[in-house]
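J.: Before we start, here is the structure in question, set down as structure tokens.
The values are calculated or read from the model by the stated rules, or taken from the named source; none is laboratory data. For clarity, every value in this text was computed on a predicted model and none was experimentally measured. All Cβ positions, glycine included, derive from the backbone under ideal geometry; neighbour counts span all protein chains shown.
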Amino acid sequence: MLIYKIFRSDEWADLQSLSETPGAPIDVADGYIHFSTAETVAETAAKYFAGAEGLVLCALETEGLEPLKWEPAREGVLFPHLYRNIRLTDILWTKPLPLVDGTHQFPELS
């Protein structure tokens, strides 16, 4: 199953240069990396990245991604949380999330 992480351009640049990251400030504060599913990622973008430009969407495969836990978050929905740094080698693909008329445009997600 694929899960998704949205990075701001500076966070993505840091990951590329360092080969791993503890994530965004909210990830560091919470002690785990926040991810979204295909069903929740657009809401995540609207809620936490409203109006932000230069975002990068990263896809990761859950199989073999350890330690990954599914825990309740918004309205009790289970979200994947990774309890270690994201490594550049964990990422299957990346795509830009352009902002068009105030809404991030997502590629087709599977």
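J.: From the residues in region 12-29 that are free of Cβ contacts under 8 Å to residues at least 24 places away in the same chain and among the charged types (D, E, K, R), which one is farthest from Glu71 (Cα to Cα)? Give the derivation first.
T.: Step one: filter region 12-29 for residues free of Cβ contacts under 8 Å to residues at least 24 places away in the same chain, giving 13-14, 17-18, 24-29.
Those left that are additionally among the charged types (D, E, K, R): 14, 27.
On the way: Asp14: 27, Asp27: 14 Å.
Per the stated criteria, the residue is Asp14.
J.: Checking Phe49 against (1) modelled with pLDDT of 95 or more; (2) out of contact with any His (no Cβ under 8 Å at 6 or more places or on another chain), which test does it fail?
T.: For Phe49, the exception is condition (2).
J.: Pairs please, first residue from region 39-54 and touching a residue at least 24 places away in the same chain (Cβ under 8 Å), second anywhere and surrounded by 12 or more Cβ atoms within 10 Å (Cβ to Cβ) and among the basic types (Lys, Arg), Cβ atoms under 7 Å, 6+ apart in sequence or on different chains.
T.: Ala52/Arg8; Gly54/Arg8
J.: Out of the residues in region 3-32 that are hydrophobic (A, V, I, L, M, F, W, C) and surrounded by 15 or more Cβ atoms within 10 Å (Cβ to Cβ), which is modelled with the lowest pLDDT?
T.: First pass over region 3-32, keeping only residues hydrophobic (A, V, I, L, M, F, W, C): 3, 6-7, 12-13, 15, 18, 24, 26, 28-29.
Keeping just the survivors that are surrounded by 15 or more Cβ atoms within 10 Å (Cβ to Cβ) gives 3, 6-7, 12, 15, 24.
Numbers: Ile3: 98, Ile6: 98, Phe7: 98, Trp12: 97, Leu15: 97, Ala24: 94.
Only one residue tops the list, namely Ala24.
For (1) within 11 Å of the chain's Cα centre (by Cα); (2) not aromatic (Phe, Trp, Tyr), each residue gets a yes or a no:
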position	(1), (2)
Ser9	no, yes
Trp12	yes, no
Ala29	no, yes
Leu60	yes, yes
Pro67	no, yes
Pro98	no, yes
Thr103	no, yes
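J.: Now, a different point. Within region 51-91, which residues are among the small types (Gly, Ala, Ser) and at positive phi? Let's see the steps before the verdict.
T.: Here is the first cut: in region 51-91, the residues among the small types (Gly, Ala, Ser) are 51-52, 54, 59, 64, 73, 76.
Hits for region 51-91 are Gly51, Gly54, Gly64, Gly76.
J.: Output the number of residues of region 58-90 satisfying the condition of being part of a loop (DSSP other than H, G, I, E, B) and either aromatic (Phe, Trp, Tyr) or within 16 Å of Glu39 (Cα to Cα) (or both). Let's see the steps before the verdict.
T.: Taking region 58-90 and keeping what is part of a loop (DSSP other than H, G, I, E, B), we get 62-67, 73, 77, 83-85.
This time we only want the ones that are either aromatic (Phe, Trp, Tyr) or within 16 Å of Glu39 (Cα to Cα) (or both), so: 62, 73, 77, 83.
Of the residues in that region, 4 qualify.
J.: Just one of the numbered conditions (1) modelled with pLDDT of 95 or more; (2) loosely packed, with under 14 Cβ neighbours inside 10 Å is not true of Phe35; which one?
T.: (2)
J.: May I pose another question? On the given criteria, is Glu75 out of contact with any helix residue (DSSP H, G or I) (no Cβ under 7 Å at 6 or more places or on another chain), among the acidic types (Asp, Glu) and modelled with pLDDT under 95? Break it down stepwise before answering.
T.: Values: out of contact with any helix residue (DSSP H, G or I) (no Cβ under 7 Å at 6 or more places or on another chain): yes; among the acidic types (Asp, Glu): yes; modelled with pLDDT under 95: yes.
So Glu75 fits the description; yes.
J.: For region 91-104, does any single residue satisfy the condition of being in contact with a helix residue (DSSP H, G or I) (Cβ under 7 Å, 6 or more places away or on another chain) and assigned to a helix (DSSP H, G or I)? Before the answer, list the steps.
T.: To start, the set of residues in region 91-104 that are in contact with a helix residue (DSSP H, G or I) (Cβ under 7 Å, 6 or more places away or on another chain) comprises 97, 104.
From what is left, the residues that are assigned to a helix (DSSP H, G or I) are none.
There is no residue in region 91-104 that is in contact with a helix residue (DSSP H, G or I) (Cβ under 7 Å, 6 or more places away or on another chain) and assigned to a helix (DSSP H, G or I).
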